[in-house]
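Undergrad: Once you've had a glance at the structure underneath, I'll fire off some questions.
The values are calculated or read from the model by the stated rules, or taken from the named source; none is laboratory data. Note that this is a predicted model, so its numbers are computed, not measured. Quick reminder, even Gly has a Cβ in these numbers, built from the backbone with ideal geometry, and neighbours come from all protein chains shown.
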Amino acid sequence: MKYTCRKIGLLAASAAVLAAGQVARGQEVYSQIVGAISINLPAESDVIVSFPFKQSAAYRGTVESVSDNGGDLVVNVATDSLTASAFDAGSNVTHYLVFESGAQQGVHLDIQSNTASQINLDGGSTDGLQNGDEVAVYPHWTLGSAFPLGVANEDEDEPGTRSIEVIVPQAVSSEGNMVPSGIYYFSGGAWRQVGAGIDSNADDAVLEPGRALVIRNNDAEAKDALFFGEVIDSPIAIPLSESDTFVSDNFVGLNRPLAIALDELGLAPGGVFEETTDPGDPNDLLLVYSLTESGKNKQPSASYFYYNGAWRKVGDEAADSGSDVIEPGMGLAVRKIQVGSDPQDANWVNEWELPQ
């Protein structure tokens, strides 16, 4: 088996102008790094992955003011800097906003609608936001945009005996359970959802940023999945949830194109990840899934906890495992311990820059 991280290209592109079209007006030209990696899909196996790249920004601007509309954040930007209704969700969310500076740097929120100078978001908080904070709007990756010809160019002739499936898990499940929110396959030139009929079109099914997904290769031969897009070298805020009724597995993806050591994750210390006080009874765990091991319904290949100022690996608790790395495209789970009451959501913020 192999794991391949291959630089197909690292090119500077005038992404803002190319992507924005008529959506954004009078924006500054900027350059972005684009590239691709290939991940091997072992035969008759699951690979838990995250999308390592983003699409080009459809808009960049700064906050003029913010307000709360019944629990949904409203962001005002420069007058007439947007095309009205360009990001309207309609029956399906298409774009999300990211705060790229300020107190909420890295936080992303789905867009419900927009006017020429106002962006209405799904949820969010005004906490810490200030005029002048930089924002950007990105298209969501969908199955159709991420894999326009299917994964590994597999177009299923027999939908009942699928070679490749993409399983999108719920963001949070109880300990040890990965509950699918949708199972998809590519057939007849379009994505289809299992249970929705062979003529259903699921090209617009959203792949959420910061979330893991499963690619299942049912075939007897190994294949390769290609991931491409712009490098995300700004902070990423990944939501983590806890529960007062069960131990919670949050299935997440780091969305970085290069390997990152555990010590560089920004997950612990800091309060988002519950540190362990007794190594014989760990609190929160970081679960890592192998990209190369064969088999379906995989269990974690390694589990880590944070104890006494260092990352520790279950089964090798005495060693400092902070130099162990998360490979690009590797899906993860953060297992949050059950709390007694008042469960909270929190953001894991990863700060990272492309090495010079």
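Undergrad: If Gly188 satisfies every condition in (1) touching a residue at least 40 places away in the same chain (Cβ under 8 Å); (2) over 14 Å from the mean Cα position of the chain (by Cα) but one, which is the exception?
TA: Condition (1) is where Gly188 drops out.
Undergrad: Follow-up. Quick check on this structure: which one of Trp348, Trp352 is surrounded by 11 or more Cβ atoms within 10 Å (Cβ to Cβ), within 23 Å of the chain's Cα centre (by Cα) and part of a loop (DSSP other than H, G, I, E, B)?
TA: After ruling out the rest, the residue left standing is Trp352.
Undergrad: I'm checking my understanding of the structure. Among residues of region 282-338 that are closer than 22 Å to Glu165 by Cα and basic (Lys, Arg), which one is surrounded by the fewest Cβ atoms within 10 Å (Cβ to Cβ)?
TA: Lys296
Undergrad: Now, a different point. Return yes or no: is Ala78 of a type in the set (A, V, I, L, M), surrounded by fewer than 20 Cβ atoms within 10 Å (Cβ to Cβ) and within 30 Å of Thr161 (Cβ to Cβ)?
TA: So Ala78 fails the test.
Undergrad: Here is a follow-up. For region 162-175, does any single residue satisfy the condition of being of a type in the set (S, T, N, Q), buried (at least 19 other Cβ atoms within 10 Å of the Cβ), closer than 26 Å to Ser56 by Cβ and out of contact with any His (no Cβ under 8 Å at 6 or more places or on another chain)?
TA: no
Undergrad: With (1) of a type outside the set (S, T, N, Q); (2) closer than 20 Å to Gly329 by Cβ; (3) at pLDDT 95 or above as the list, and Gly229 as the residue in question, which single condition is left unmet?
TA: (3)
Undergrad: Among the residues of region 123-167, which ones are more than 19 Å from the chain's Cα centre (by Cα), closer than 22 Å to Leu97 by Cβ and polar (S, T, N, Q)?
TA: Answer for region 123-167, where residues must be more than 19 Å from the chain's Cα centre (by Cα), closer than 22 Å to Leu97 by Cβ and polar (S, T, N, Q): Ser125, Thr126, Gln130, Asn131.
Undergrad: Which pairs do you get when a residue that is more than 19 Å from Ser248 (Cα to Cα), found in region 269-287, comes within reach of a residue that is modelled with pLDDT under 95, reach meaning Cβ atoms under 6 angstrom, with the pair 6+ apart or on two chains?
TA: That search, which allows pairs on different chains as well, returns Pro279/Glu317.
Undergrad: Another question about this same structure. Give me the residue from region 81-121 that is surrounded by fewer than 16 Cβ atoms within 10 Å (Cβ to Cβ) and under 20 Å from the mean Cα position of the chain (by Cα) and, out of that set, modelled with the highest pLDDT.
TA: Within region 81-121, the match that is modelled with the highest pLDDT is Ala89.
Undergrad: So, in region 71-94, how many residues would count as being assigned to a loop (DSSP other than H, G, I, E, B) and either among the acidic types (Asp, Glu) or touching a residue at least 40 places away in the same chain (Cβ under 8 Å) (or both)?
TA: Final tally of qualifying residues: 11.
Undergrad: Condition first: within 21 Å of Val107 (Cα to Cα) and among the acidic types (Asp, Glu). Can you find one or more residues in region 252-263 that meet it?
TA: Scanning region 252-263, I find no residue that is within 21 Å of Val107 (Cα to Cα) and among the acidic types (Asp, Glu), so the answer is no.
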